[in-house]
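Here is the structure we will look at.
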Amino acid sequence: MNKIFCLSLAICLCLCAAGALAGCGRAPRVGDIRADVIALVEASYEINEVFFGAGLPVLDRTAEEYADLYAYYAPSTANTYDIVDVAHAKFGSIQAVRAAAERVYSADLLESNLYVNAFTGYAVSGIGSSVIASDPLYVEDGDYFYQSVSHRNYLTHGMKIFDYDTMKITPPSTANAVYVTMNAWYASDPATVLSERVRLVRESDGWRLDSLTV
């Protein structure tokens, strides 16, 4: 009986070790991941615009044709939110934004970073006993989708453009978490070339960016 138990334990330990090694095994080569990197970075620009850039188009609150909408259908914080023009917006709901973002960025990055600011809001301690609160950038109320009037375009330098021909895999890359370095520059300043490192993680249905491309 003891021999059988010891043998079973040894097999179990070997399987666990094999699983651990698979998770930290050899990193893919550039050629293996190049297409994924390009596709994810290119798709990230649209997502970055929603979270950090100009945001979504909104209905002009000063226009007479939308006066009733802003007077009667805005949320309780009507003076701090504009109504998203869903007829001309790429994304017409929080669900649509989430679906697009989750095809590009990792679940951990979205939940710990982008979603908190965009959909939840946050409160941080200020000086003394004061608390600084921030409402979410986007809310839904009834049939309407709203964007905060305080939404700011932080992409003042324009897109960060990556030179995919300079792509390299760098340590401490593994089979499921890869660090890619590339030359890059901002659209507004192409003469200043930067060395950027982007992290990708392998999720159940493919690679995702685990760092921002802004």
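Readers should treat all values here as calculations from the given coordinates under stated rules, not as data from a laboratory. Please read these numbers as outputs of a predicted model, since none were measured by experiment. Counting neighbours? That spans all protein chains shown, and the Cβs are built from the backbone with ideal geometry, glycine included.
Any idea what the relative contact order of the range 137-202 is, in percent, if you count C-alpha pairs under 8 Å spaced at least 6 apart? Working shown, then result.
Working: 98 pairs, mean separation 16.5, N = 66.
Contact order relative to length: 25 percent.
What ranking of 138, 154 emerges when the number of other C-beta atoms within 10 Å of each C-beta is taken as an exposure proxy, fewest first? List each step's numbers first, then the result.
On the way: 138 23, 154 11.
Fewest-to-most ranking of 138, 154: 154, 138.
In nm, give the distance between the simple-model label positions of residue 26 and residue 120, each being 7 Å from the Cα along the Cα-to-Cβ direction.
In this crude label model, residue 26 to residue 120 measures out at 4.0 nm.
What order do you get for 65, 111 when you list them from fewest to most C-beta neighbours inside 10 Å? Before the final figure, lay out the partial values.
Numbers: 65 8, 111 12.
The most exposed by this proxy come first: 65, 111.
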